[in-house]
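S.K.: Would you mind keeping the following structure in view while I ask a few things?
The values are calculated or read from the model by the stated rules, or taken from the named source; none is laboratory data. All values derive from a computational prediction rather than experimental measurement. Here the Cβ positions follow ideal geometry from the backbone for every residue, glycine too, while neighbour counts run over all protein chains shown. Keep in mind that these areas ignore ligands, DNA and RNA; they rest on the heavy atoms of the full protein, side chains included. Shrake-Rupley method; radii C 1.70, N 1.55, O 1.52, S 1.80 Å.
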Amino acid sequence: MSRILLLVELKGGNDGLNTLVPYADPRYRELRAGIGVSRERVVQLDEKVGLHEKLLPLMDSWRAGDLAIVQGVGYPYPNRSHFRSIEIWDTASAASQTLSEGWIAQTFRGARLGKGIGVDCIVADTNALPSTGPSLRTIVMQDAENFLRQANGVAAESAMNDGGNPALRHLLAVRQEINAAAAGLRDRLRDAPAPAEAYPQELLLGRQLDLATRVLSASVPVVAIKVALGGFDTHANQTPTHERLLGFLASNLAVLRRNLIAANLWKDVVVMTYSEFGRRAKQNASGGTDHGTSAPQFVMGGGVKGGLYGAYPSLSDLQDGDLRHTVDFRNVFATLARDCWGQSYDFGLRQPQRLDFLAQ
């Protein structure tokens, strides 16, 4: 079965410890005396961990068995630079590698994709690296209305003469292909039904998910759509900022789920959150947290086998004050490649770890 991946990037480094809270571990209270989530504000998932109460809107998905949470996701020799670490994630590289091709593009090397309307991935934020590469055709569309206006303009352009210049001929052919893709996408989106339920519009994520829903409802033949929510770099006074972001993320994802169920599309989509890193285990002197390592990932969809996957990192066995990862993120990507798209790709892992959070 082929599914569409909806990537949700949490920009800045989401604090995993206050997202999926190890409420039963006394060490958690020791490390976070000031910013730790109190027991009564944790929505229990099992006898050890629970969600921050601001994530309560996701519990419908949890109870329905279509929310999986992969614990302790990270990579060896972690990098704490925002720019370098997100590059590692987006290209599925080792910490010692520098790659220019995104992990989704790598997955489709040599694969035959249907021509469709000439677009394979749609990016609704500023970071298109996961789908960057010669195997995929990606359109960046931060503003749907502006895109539709521009698509109308490019569709009306007259063809230029190449004057017998092969290089110019190639450029014009590429431009013509892009223009045709833009026009095809324009036509599909123009006729797409509005989502059944409006998204919260407080931050850009609501508008991005509205666009994603319209793309899915219009049956645009893409392999992935990418959206993003920023603001997770919580070095100081973390609690109010982080709680607001978690609440906004959960409410938007809950609306997305209801809209896709209403459109009979929930089984065709896999939603995955990711962030460049988690935060340090111990809070800092400013009531915040500094750049860390591993964190949980949420995976949602009608074909998802809900539950907890992987092991929660030990708070008593830290590495330089950070959580040791228990799941290499490339194993998550390999699972998506296999079970979303039917592609076998292990991203250079020496000992791939099979994760079964998606139904075959």
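S.K.: Between the alpha-carbon centers of region 243-279 and region 183-217, tell me the distance in whole angstrom.
M.R.: Each part's Cα centre sits 14 Å from the other's.
S.K.: Another question about this same structure. Length gain on complete extension for the stretch GLN360 to ASP46, per 0.36 nm per residue less the alpha carbon to alpha carbon distance?
M.R.: Here the answer is 110.4 nm.
S.K.: Let me ask you something else. Past the 28 Å Cα-Cα mark, which pairs from LYS48/LYS267; LYS48/LYS226; LYS54/LYS226; LYS226/LYS305?
M.R.: Those over the limit are LYS48/LYS267; LYS48/LYS226.
S.K.: Of the heavy-atom accessible surface of the chain (probe 1.4 angstrom), what whole percent is carbon and sulfur?
M.R.: 50
S.K.: Using the Kirkwood radius built from alpha carbon pairs, what does the Stokes-Einstein equation give as D for region 212-288 at 37 °C and 0.692 mPa s, in µm² per second?
M.R.: Roughly 222 µm²/s, to the nearest whole number.
S.K.: Tabulate in residue order the Karplus-calculated ³J(HN,Hα) for region 294-310, using 6.51 cos²θ - 1.76 cosθ + 1.60 with θ = phi - 60°, rounded to whole Hz; enter x for Gly and Pro.
M.R.: The phi angles translate into 7, 7, x, 10, 9, 10, 10, x, x, x, 7, 9, x, x, 9, 10, x Hz.
S.K.: Could you state the number of Å between the C-alpha centres of region 328-360 and region 67-106?
M.R.: Measuring centre to centre over Cα atoms gives 14 Å.
S.K.: As a test of the formula, what do you get for the chain when each DSSP H run with n ≥ 4 contributes -39,500 (n - 2.57) and the sum is divided by the residue count, at 222 nm and rounded to the nearest 500 deg cm²/dmol?
M.R.: That calculation yields -10000 deg cm²/dmol at 222 nm.
S.K.: A follow-up question, please. Rg and Dmax in Å for the chain, alpha carbons only: what are they?
M.R.: In Å, with Rg to one decimal and Dmax whole: 20.9, 75.
S.K.: Right, another one. Give, rounded to the nearest 20 debye, the magnitude of the charge dipole that the chain has about its Cα centre when Lys and Arg contribute +1 at Cβ and Asp and Glu contribute -1 at Cβ.
M.R.: 340
S.K.: Next up: Determine, for each peptide in 276-282, 91-97, 354-360, 123-129, the mean count of other beta carbons within 10 angstrom over its residues, then list the peptides with the highest first.
M.R.: 276-282, 123-129, 91-97, 354-360
S.K.: Where does each of 9-17, 243-251 land if you order them by average Cβ count within 10 Å, highest first?
M.R.: 9-17, 243-251
S.K.: Is any helix in the chain, taking whole DSSP H runs, at least 15 angstrom long along its axis by alpha carbon and on average at least -0.5 on the Kyte-Doolittle scale, and which ones?
M.R.: Counting only whole DSSP H runs, the qualifying helices are 144-155, 166-190, 204-217, 238-262, 329-341.
S.K.: Using the heavy atoms of the protein chains and a 1.4 angstrom probe, tell me the accessible area per residue for the chain in square angstrom.
M.R.: 43
S.K.: Taking every pair of alpha-carbon atoms in region 76-133, give the share separated by more than 17 Å as a whole percent.
M.R.: So the pairs more than 17 Å apart make up 44 percent of the total in region 76-133.
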